[in-house]
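Okay, structure first, notes after.
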Amino acid sequence: MESIKELYRIGNGPSSSHTMGPKKAAEIFLEKNRGADHYEVTLYGSLAATGKGHLTDQAILNVLQPHAPTAILWEPKTFLPFHPNGMRFKAYTAAGLQIDEWLVYSIGGGKIVDETAPQDEKITIYDMNSLTEIQRWCEQTGRAYWEYVEEREGSDIWDYLMEVWEVMKNAILRGIQAEGVLPGGLGVRRKAGAYFIRAKGYIDSLKNRGLVYAYALATSEENAAGGLIVTAPTCGSCGVLPSVLFHLQKSREFMDIRILRALATAALFGNVVKANASISGAEVGCQGEVGVACAMAAAAACQLFGGSPAQIEYAAEMGLEHHLGLTCDPVCGLVQIPCIERNAYAAARALDSNIYATFSDGKHRVSFDHVVEVMRQTGHDIPSLYKETSEGGLAKEYSLS
């Protein structure tokens, strides 16, 4: 598995696969072809189907257009075999001669690859790729999941995770204060501030639940507005983990180092899914985004509350298992309906998974690794209508009129 730095990517929303990935691909192509007279970019499959709502064209044009005229072509019905999120970049001379061509894919979490080799050089950091192996290591050595992360990543990982945590917190604080309508044409108003104020009027469990909702909404609304966020594991699911950790730090006074260790553990679970299945909504549906985010948050919460390696694995397993089959059908291709609300709901479910696991001894029949494999197969079986194409489900049935 790769470094967790490849999972936690800092960037602007609204989509890691549809915005951050294409922007990075455009930057790489520009560096190779700065002298071109004009560019042409063809978007395929999911990128074309929901690209306008995700600002895919703007992400590419913002990079290429200042240097030369750029045409964006849309092929939503063409799904390339390697991955649904395909892009073909072409560069031309003034005489119309093609000087370069690059077919590249945005596979989720801001990661881009081509069919021959990753453009981000893939460096294997972890020697174990399954939770079963890692959990066994923890139990045999008496060490924690985060200690495995530190062993493989080195001590400098804590500086990076501190940067991640600062960006996460700032997104929540900005989102709580912001008001108005989100861009995109759906007329969705920001709700985080109102939820935050209302939650303060309650006591005990209702207050806690309301605050978690508010923090998740804040981050997800910032993402929808193109604000600076952290993929966890994607832009579309970026509100789940930060809201859980922010709430627990505020309510239970956990020190930053405890939060950073929880972030490390959460990323380890997300990395296992990324390595053995997918975190791309276009490939496996929202189970790979919000489902994985819920699993990551459940693992992090369980660790903060002193869960054993088995209990932490159980919490994560429930977080993912009970999102199996979740479709990705955003209305108008925007990361707003049902995405924003879904983040808040998954954050609450992550806390429930933690509570359920801590009541147990950690023993259960279905392992996290098994659920990951089921999620991978389920994702492949889900029709493309329900995988970020806006051709089915809520995206089809909902009308702006």
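Each Lys and Arg contributes +1 and each Asp and Glu -1, all at the Cβ; summed about the Cα centre of the range 334-398, the dipole is approximately 100 debye.
Would you report the distance distribution of C-alpha pairs in the range 14-60 as whole percents per 5 angstrom bin, up to the bin with the largest distance? All Cα pairs, binned at 5 Å, distribute as 5, 23, 31, 21, 13, 7, 1 percent. Loop-located GluC sites (Glu not before Pro) across the range 363-401 with a Cβ neighbour count of 12 or fewer within 10 Å are lacking, with loop assigned by DSSP.
Cysteines in the chain lacking any other cysteine Cβ under 4.7 Å from their own Cβ: C138, C235, C238, C294, C302, C332, C339.
Between amide H atoms placed 1.01 Å from N, distances below 5 Å from I99 occur with A91, Y92, T93, all of them 5 or more places distant or on a separate chain. Among the GluC sites (Glu not before Pro) in the range 247-328, those located in a DSSP loop and surrounded by at most 14 other Cβ atoms within 10 Å of their own Cβ are E253.
Size descriptors for the range 316-401 (Cα atoms only): Rg and Dmax, in that order, 15.5, 52 Å. Phi angles of the range 358-371 translate, via the Karplus equation with coefficients 6.51, -1.76, 1.60 and θ = phi - 60°, into HN-Hα couplings of 6, 6, 9, 9, x, 7, 7, 7, 9, 7, 4, 4, 5, 5 Hz per residue; Gly and Pro are given as x. Inter-part distance, the range 146-199 to the range 207-267, computed on C-alpha centroids, equals 5 Å. Across the range 353-401, Cα-Cα pairs farther apart than 12 Å form 74% of the total.
For S15, the residues whose modelled amide H falls within less than 5 Å of its own, excluding neighbours fewer than 5 places apart on the same chain, are M20. For the chain, pairs of C-alpha atoms spaced more than 41 angstrom apart make up 11 percent of the total.
Shown here: the range 248-367, whose C-alpha atoms stretch 42, 34, 23 Å along the first, second and third principal axes, sorted largest to smallest. The listed residues R34, R349 rank as R34, R349 when sorted by accessible area, largest first, using a 1.4 Å probe. For the residue pairs K5/K396; K5/K250; K274/K363, the alpha carbons lie more than 29 Å apart in K5/K396. Each Lys and Arg adds +1 at its Cβ and each Asp and Glu adds -1 at its Cβ; summed about the Cα centre, the chain shows a dipole of about 1220 debye. Under 5 Å between amide hydrogens, built in the peptide plane, is the criterion, and for A71 it picks out Y39, E40, V41 among residues at least 5 positions away or on other chains. Based on protein heavy atoms only, the chain ends up with 40 Å² per residue of surface accessible to a 1.4 Å probe.
Placing +1 on the Cβ of every Lys and Arg and -1 on the Cβ of every Asp and Glu, with no other charges, gives the range 196-304 a dipole of roughly 360 debye about its Cα centre. Ordering Q65, G154, A194 by the projection of their Cα atoms onto the charge dipole of the chain, which places +1 on the Cβ of Lys and Arg and -1 on the Cβ of Asp and Glu, puts A194 at the extreme positive end.
Geometric descriptor of the range 131-242, per residue, is 140 Å³ (volume of the convex hull of the Cα atoms). Across the range 218-307, Cα-Cα pairs farther apart than 21 Å form 29% of the total.
A simple rule links phi to the HN-Hα coupling: the Karplus curve 6.51 cos²θ - 1.76 cosθ + 1.60 with θ = phi - 60°, which for the range 320-333 gives 7, 4, 8, 10, 4, x, 5, 7, 10, 9, x, 5, 6, x Hz, with x for Gly and Pro. Of all DSSP bridge pairs formed entirely within the chain, close to 75 percent run antiparallel.
Note on K191: lysines with a C-alpha under 18 Å away, same-chain residues under 8 apart excluded, are K169, K200, K207. Remark: the range 347-357, residue by residue, has Karplus-estimated 3J(HN,Hα) of 4, 5, 5, 5, 5, 5, 4, 4, 4, 4, 5 Hz, where x stands for each Gly or Pro and the curve is 6.51 cos²θ - 1.76 cosθ + 1.60 at θ = phi - 60°.
Largest first, the extents of the alpha carbon coordinates of the range 1-139 on the three principal axes equal 65, 28, 28 Å. Computed over every Cα-Cα pair of the range 243-282 and binned at 10 Å starting from 0, the pair-distance distribution P(r) comes out as 27, 38, 26, 9 percent. Within the range 61-214, all pairs of alpha-carbon atoms sorted by distance into 5 Å bins from zero give the percentages 1, 6, 8, 9, 11, 11, 13, 15, 12, 7, 4, 2, 1, 0, 0.
The values are calculated or read from the model by the stated rules, or taken from the named source; none is laboratory data. This one's a predicted model, so the numbers in the text were calculated from it and none came from an experiment. In this analysis, Cβ positions are derived from the backbone assuming ideal geometry, glycine residues included, and neighbour counts consider all displayed protein chains. Surface areas here come from the heavy atoms of the whole protein model, side chains and all, with no ligands, DNA or RNA. Shrake-Rupley method; radii C 1.70, N 1.55, O 1.52, S 1.80 Å.
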